[in-house]
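To start, the structure itself, in structure tokens.
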Amino acid sequence: MDVIQYLIDNQRAQFVLTGSSARKLKVQQEKTLNLLPGRLVYLQLPALSILELPTPLKSLDFLLCNGTLPGIYFQNNQDNIEIDLKSYVEVYLEEEVRQEGIVRNSQSFGRFLELAAMHLAEPTNFSNISKQLGIQVHQIIEYFQILVDCMIVERVEALSHGRRRLTKAPKFLFFD
């Protein structure tokens with residue numbers, strides 16, 4: 001980052017820095033002293049929104065089963081789509097979670113993912129999930145944070161009006 005800052009400051013270069021490992025980038029950014037102050041614009045490129053999809057839209061069944069990641073949405077061969085989706089899941093679970101040692105027990109994390117998906121968009125009851133899985137509450141909160149860091153879910157904070165909270169718990173929405 002120091003070299004990049006030097007080149008930018010001396011108007012010798014412009015950069016677009018990209019990465020596909022959201023959690024690794026976040027951890028690296030926290031460790032790096034030079035975050036290019038005043039020179040860094042952080043952008044996330046999520047899956048295509050419904051407004052960005054070409055018309056006519058693919059079927060609702062296709063969208064729900066396959067999502068809207070561009071590489072998958074524009075693929076016409078269902079076998080290739082399934083290979084891509086399987087690879088995507090394996091890379092995230094293997095690279096982002098298991099190899100970094102974030103999750104010690106991948107079976108409990110897998111059960112957590114299933115349960116989290118079943119309660120999609122509901123106010124999150126960490127204690128309830130903890131009891132159902134036999135995992136401590138702090139571990140459930142950490143699992144959700146992993147999903148947020150990996151950009152698999154988005155945390156939607158509880159609604160409030162002034163000092164009163166209209167809902168008591170956050171919701172987590174899977175991005176695609």
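The values are calculated or read from the model by the stated rules, or taken from the named source; none is laboratory data. Keep in mind the model is a prediction, meaning the values are calculated, not measured. Backbone-built Cβ (ideal geometry, glycine too); neighbour counts: all protein chains shown.
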Item to complete: Enumerate the pairs (first residue in segment 45-72 and among the β-branched types (Val, Ile, Thr); second residue anywhere and at pLDDT 85 or above) with beta-carbon separation below 7 Å, excluding pairs fewer than 6 apart on the same chain, so at least 6 apart or on different chains.
Response: THR68/LEU53; ILE72/ASN66; ILE72/ILE81; ILE72/ASP84; ILE72/LEU85
Item to complete: For segment 139-159, name all the residues that are in contact (Cβ under 8 Å) with a residue 60 or more places away in the chain and of a type outside the set (Val, Ile, Thr).
Response: ASP149, CYS150, MET151
Worksheet item: Any chance segment 15-33 includes a residue that's under 28 Å from GLN145 (Cα atoms), surrounded by 11 or more Cβ atoms within 10 Å (Cβ to Cβ) and modelled with pLDDT of 70 or more?
Response: no
Worksheet entry | Which listed residue is over 25 Å from ALA47 (Cβ atoms), in the same structural domain as SER108 (by TED's automatic domain parsing) and either at pLDDT below 85 or not polar (S, T, N, Q) (or both), from PHE144, PHE126 | PHE126
